[in-house]
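Working notes, structure below.
The values are calculated or read from the model by the stated rules, or taken from the named source; none is laboratory data. Note that the structure is predicted; figures quoted are calculated from it, not measured. A quick note on method: Cβ atoms are made from the backbone with ideal geometry, for glycine too, and the neighbour counts reach across all protein chains shown.
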2 protein chains.
Amino acid sequence: MTKQRVSLSSGTSKGVVFDLIRAQGPISRVALAETTGLTQATMSTVVRQLMTDGLVVETGRGESTGGKPPVMLDVNPSSRFAVGVQLGRESITFVVINLSGAIVGRTRTPGTGTAEPSEMVVRLAGEIDRTLDGLGIEKSSVVGVGVVAPGPLDIARGAILHSPHLGAWRDVPLREMLSDAVRLPVILDNDATAAAIGDFWSGKLDDAVAHATVYMGTGIGAGVLIDGIVFRGASSNACELGQIVVTGRDGSPAFLEEIADPGSVVRRARELGEERRLGLHGEDEFEDFRAIAMAAVRGDEQATALIEESAEHLASGVLTMANLFDLDSVSLAGPAFAVAGPTYVRAVSRRLDADLFVRNQHSVRVRLSTDVTDAAAVGGAALVMQTELAPRTMGLKAAVSA
Amino acid sequence: MTKQRVSLSSGTSKGVVFDLIRAQGPISRVALAETTGLTQATMSTVVRQLMTDGLVVETGRGESTGGKPPVMLDVNPSSRFAVGVQLGRESITFVVINLSGAIVGRTRTPGTGTAEPSEMVVRLAGEIDRTLDGLGIEKSSVVGVGVVAPGPLDIARGAILHSPHLGAWRDVPLREMLSDAVRLPVILDNDATAAAIGDFWSGKLDDAVAHATVYMGTGIGAGVLIDGIVFRGASSNACELGQIVVTGRDGSPAFLEEIADPGSVVRRARELGEERRLGLHGEDEFEDFRAIAMAAVRGDEQATALIEESAEHLASGVLTMANLFDLDSVSLAGPAFAVAGPTYVRAVSRRLDADLFVRNQHSVRVRLSTDVTDAAAVGGAALVMQTELAPRTMGLKAAVSA
DNA sequence: GGTTCTTTCTTAGGGCACTTTATAAAGCGT
DNA sequence: ACGCTTTATAAAGTGCCCTAAGAAAGAACC
């Protein structure tokens with residue numbers, strides 16, 4: 001048993017090459033050598049390793065440019081899988097993705113409710129095993145489970161500190177518990193970070209240097225990636241977009257969350273006495289938001305104004321973030337964008353084009369995430385793939401337990 | 001000529017070890033091995049290299065903990081020097097620092113005025129040579145020159161894109177020009193980034209994970225360091241603190257720069273008819289700001305109110321930034337803090353303690369930078385030291401030309 | 001239909017930064 | 001004085017990546 005080469009920069013080259021193949025689609029060894037800076041000889045051996053791992057396959061020949069035509073390489077999508085789990089009080093979403101980030105399975109079960117953590121872990125492990133069985137996926141080809149949970153987390157320890165949404169959990173070391181139960185590497189992270197990695201893994205973000213995924217569920221958060229690496233800050237609490245102060249309706253400062261999230265839109269609709277007309281029931285806040293968004297899409301004027309207002313405030317927040325982080329790419333994810341996503345995209349895009357400090361030097365691409373609703377679950381799965389297959393740590397050590 | 005070992009993670013270990021010795025003061029080889037994760041054997045050879053380079057010396061023995069007492073290592077302050085230059089229209093500051101970041105020489109000459117770039121480069125090179133001569137420092141022990149300039153820069157190319165403050169310069173490849181003239185590696189960066197590195201190099205920031213240095217000169221900028229690495233964003237235009245939108249005096253949104261920078265304080269004083277009483281001349285805006293700050297320090301009520309107002313707005317901006325970047329350390333630098341610095345520190349500190357999102361998980365240390373006034377020049381010198389001796393790139397390639 | 005050129009990919013050998021293992025050096029405890 | 005612990009070095013081995021040289025496969029030209 002040789003000691004892991006700790007070094008100050010461990011052997012990431014295999015991961016980086018894999019990441020390039022994944023992102024740049026079919027690509028030749030020579031092209032890989034050029035973009036990484038490694039030599040063709042080295043690339044040859046690195047690729048061989050990836051092929052014996054089964055991660056990569058040769059898919060045919062490229063066009064000749066005057067000599068031997070290159071052999072194109074691509075990921076072998078069904079060689080590995082990852083599971084993503086989004087914990088919620090009302091429902092839990094399970095997603096299985098393959099190597100290229102495509103969803104191959106999806107399940108939804110009732111939420112945590114008031115279940116104890118230990119009981120919940122058993123339920124989760126069971127459901128994961130059942131889902132994989134149903135898809136005919138062997139556990140040996142599953143790289144791990146990415147769990148996304150609301151509330152303050154200790155990412156480094158993989159623990160849920162306390163979660164007002166999930167019963168009365170307090171300091172639950174979920175990563176270790178679930179890892180023991182399901183016998184797979186487990187990662188725990190928040191929804192926005194996961195969604196960002198999900199965009200990076202499946203989407204075509206490879207040329208974005210500074211990307212942010214804005215995640216709006218019940219609250220508003222964001223995940224920032226710099227060169228594909230998660231920006232975490234001092235305590236993994238970076239990018240709490242909902243907590244930034246913007247100018248509220250009456251000119252007084254307000255948290256973005258208070259005036260732009262789905263709850264605030266619903267409250268505002270009530271204040272304006274639109275409860276009846278828009279068919280709000282007051283049971284599930286999110287259902288009510290959905291109703292307003294649907295009405296807006298149908299062309300209802302009041303509903304449109306409500307959504308637009310929320311979108312404008314969100315745009316202000318994104319503008320501040322884009323200026324501070326010097327972003328060149330933004331995507332919107334989360335169930336809140338499922339219906340009225342395009343309206344939000346338009347508002348953010350317009351605002352950035354108009355007011356971004358560096359708008360003369362470069363623009364910011366704004367788009368809707370793929371799988372808007374399940375972006376967090378998909379992202380959890382992508383996060384575990386990235387951590388296991390193409391590690392890109394910096395600062396905080398990788399937060400996995402196997 | 002062997003090809004530079006590109007690798008995906010070039011041999012940074014020497015630099016990292018040096019950086020640790022610099023930051024952690026006298027430290028033994030074993031302690032270094034522990035904190036880096038390298039073995040004691042490796043550390044032995046790495047340290048030997050640093051000692052033959054002259055960068056590090058053995059300074060004595062530590063206390064025994066039951067066996068052989070460790071030999072303590074520390075940097076050899078006068079083995080290397082770096083020059084920092086701050087370009088300004090009114091004046092140019094030259095600073096020479098030694099390895100531990102202490103200032104060993106300082107000169108000020110008239111500013112660029114309307115001089116042409118090519119002429120200016122000759123003057124700069126001459127002054128640098130003269131200064132080094134006067135200090136009896138050989139050029140072979142100078143690692144390079146760090147130039148700090150206002151206005152939009154192309155950090156990667158080392159060029160000044162255009163500078164309203166420096167004559168009518170347009171797209172001046174200053175790094176290459178000056179490097180050719182002075183025969184030393186040259187780096188170009190903006191004031192805030194430089195000041196941040198300066199704090200990191202000379203100050204005791206080593207345990208800060210996410211640090212920001214707020215730089216207020218005529219404008220307001222900030223430089224963020226994550227684990228000692230400069231955060232640059234997509235186009236090196238990150239952290240333009242002056243450009244974030246806060247709630248202005250009348251409740252309408254305003255750029256932070258418009259309501260908190262020295263110019264705005266002076267304008268406000270005029271609006272209030274305090275011109276005479278506070279002795280404002282209207283010639284040099286910065287002199288007037290200084291006068292107001294002095295009056296505030298003396299206890300003048302109106303002046304205090306003006307400074308406090310500016311400080312409160314700045315605090316709002318820093319709060320937003322601290323929330324988004326999840327900072328654990330902030331320092332204030334720049335000539336604007338020379339007189340009334342403590343007032344600003346107090347305001348920012350109070351605000352963060354009160355309103356920071358993660359205030360229950362960790363606090364943010366706020367302090368005044370050492371060498372407040374010349375922080376940018378010192379930082380330029382520190383930047384060149386870091387780049388040459390302890391490179392920590394990520395994303396954007398190192399922006400040096402030698 | 002060869003020969004030659006260009007481009008792609010592989011093999012072989014070597015350097016370097018680590019590692020493990022073993023040993024020397026220098027103090028502490030009995 | 002002797003062993004024990006801690007610190008530092010020496011020697012041999014391993015793995016990653018490089019250079020150098022060659023094989024493979026088509027394009028271009030005769």
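Can you tell me which residue is nearest to the other protein chains (Cβ to nearest Cβ) among those in segment B:211-255 that are in contact with a Phe, Trp or Tyr (Cβ under 6 Å, 6 or more places away or on another chain) and not in a loop (DSSP other than H, G, I, E, B)? So the residue we want is B:GLN243.
Filtering segment B:340-360 down to residues that are in a loop (DSSP other than H, G, I, E, B) and surrounded by fewer than 16 Cβ atoms within 10 Å (Cβ to Cβ), which residue is nearest to the other protein chains (Cβ to nearest Cβ)? Checked segment B:340-360; the qualifying residue nearest to the other protein chains (Cβ to nearest Cβ) is B:ASN360. Here is the figure for segment A:64-87: residues that are buried (at least 22 other Cβ atoms within 10 Å of the Cβ) and of a type in the set (Gly, Ala, Ser) total 2. All of A:VAL209, A:VAL148, A:VAL142 fail the test of being surrounded by fewer than 24 Cβ atoms within 10 Å (Cβ to Cβ), closer than 24 Å to A:LEU368 by Cβ and either among the β-branched types (Val, Ile, Thr) or under 12 Å from the mean Cα position of the chain (by Cα) (or both), apart from A:VAL209. The lone criterion from (1) at pLDDT below 95; (2) within 30 Å of A:ALA125 (Cα to Cα); (3) not acidic (Asp, Glu) left unmet by A:GLY25 is number (2). Residues in segment B:285-316 that are out of contact with any Lys or Arg (no Cβ under 8 Å at 6 or more places or on another chain) and in contact (Cβ under 8 Å) with a residue 40 or more places away in the chain: 12 in all. The criterion of being under 28 Å from A:VAL378 (Cβ atoms), within 14 Å of chain B (Cβ to nearest Cβ) and buried (at least 16 other Cβ atoms within 10 Å of the Cβ) does not hold for A:ALA291. Does B:ASP207 fit the bill of being outside any strand (DSSP E or B) and within 12 Å of chain A (Cβ to nearest Cβ)? Considered against the rule, which asks whether it is outside any strand (DSSP E or B) and within 12 Å of chain A (Cβ to nearest Cβ), B:ASP207 comes out as yes. Across segment B:261-269, a minimum of one residue is classified as within 30 Å of A:ASN360 (Cβ to Cβ) and either in a loop (DSSP other than H, G, I, E, B) or within 14 Å of another protein chain (Cβ to nearest Cβ) (or both). Considered as a group, the residues in segment A:59-72 that are touching a residue at least 12 places away in the same chain (Cβ under 8 Å) and more than 8 Å from DNA strand C (Cβ to nearest atom) include one that is farthest from A:ASP19 (Cα to Cα), and that residue is A:GLY60. Can you spot a residue in segment A:151-173 that is modelled with pLDDT of 90 or more, surrounded by 21 or more Cβ atoms within 10 Å (Cβ to Cβ) and over 21 Å from the mean Cα position of the chain (by Cα)? Yes: segment A:151-173 contains one or more residues that are modelled with pLDDT of 90 or more, surrounded by 21 or more Cβ atoms within 10 Å (Cβ to Cβ) and over 21 Å from the mean Cα position of the chain (by Cα). Within segment A:78-91, the set of residues being at pLDDT 95 or above, of a type outside the set (Gly, Ala, Ser) and under 11 Å from A:ALA377 (Cβ atoms) comprises A:VAL83, A:VAL85, A:GLN86.
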